[in-house]
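Written below as structure tokens is the structure these notes are about.
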Amino acid sequence: MLLVIDILTRFWTDMIDRADGPMTFRFFLQPTMALIAALIDGIKDAKAGKAPYAWLMAHSSAGDRLVAWREGVTATARILLLGVGMDVIYQFRMFGGFKYPVEAFVIAVVLGFLPYLILRGPITRIASYFLHRK
């Protein structure tokens with residue numbers, strides 16, 4: 001039990017420490033790239049008359065949800081890979097090697113996929129409003 005507490009403490013300490021120090025530009029770069037991907041896909045959804053992305057993820061069947069999830073991961077794959085790559089560089093600079101792959105994945109998802117997930121639906125609604133108003 002003590003080992004688990006130590007691991008979680010180190011994990012959260014390392015996550016918070018990433019906001020300071022080298023390579024902090026990625027905290028702006030990755031969400032900006034996710035915003036651009038969400039803009040592109042949100043406008044496509046509005047033109048196609050699709051429901052907002054988060055709504056689709058929450059209220060559709062398992063098969064439709066899987067298709068939507070794959071679409072989102074495909075749209076953000078480059079952002080996620082860039083995020084993992086930047087975290088690998090960060091870890092080499094701070095720890096002398098790539099020691100924490102789970103942390104690299106978590107930070108990439110938090111900075112790359114979550115903004116996409118949060119922004120795509122509102123962008124779809126805003127674009128629908130402007131595309132379908134009379």
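The values are calculated or read from the model by the stated rules, or taken from the named source; none is laboratory data. All of these numbers come straight from a predicted model, not from anything done at the bench. All Cβ positions, even for glycine, are placed from backbone atoms using ideal geometry, and neighbour counts span all protein chains on display. All accessible areas refer to the heavy atoms of the entire protein, side chains included, with ligands and DNA or RNA removed. Shrake-Rupley method; radii C 1.70, N 1.55, O 1.52, S 1.80 Å.
Restricting the search to region 88-123, which residues are hydroxyl-bearing (S, T, Y) and open to solvent by less than 20 Å² (accessible area, probe 1.4 Å)?
First, pick out the residues of region 88-123 that are hydroxyl-bearing (S, T, Y): 90, 100, 116.
Selection gives Y90, Y116.
Take region 30-54 and flag every residue that is touching a residue at least 40 places away in the same chain (Cβ under 8 Å), under 17 Å from the mean Cα position of the chain (by Cα) and open to solvent by 40 Å² or more (accessible area, probe 1.4 Å).
M33, L35, L39, A54
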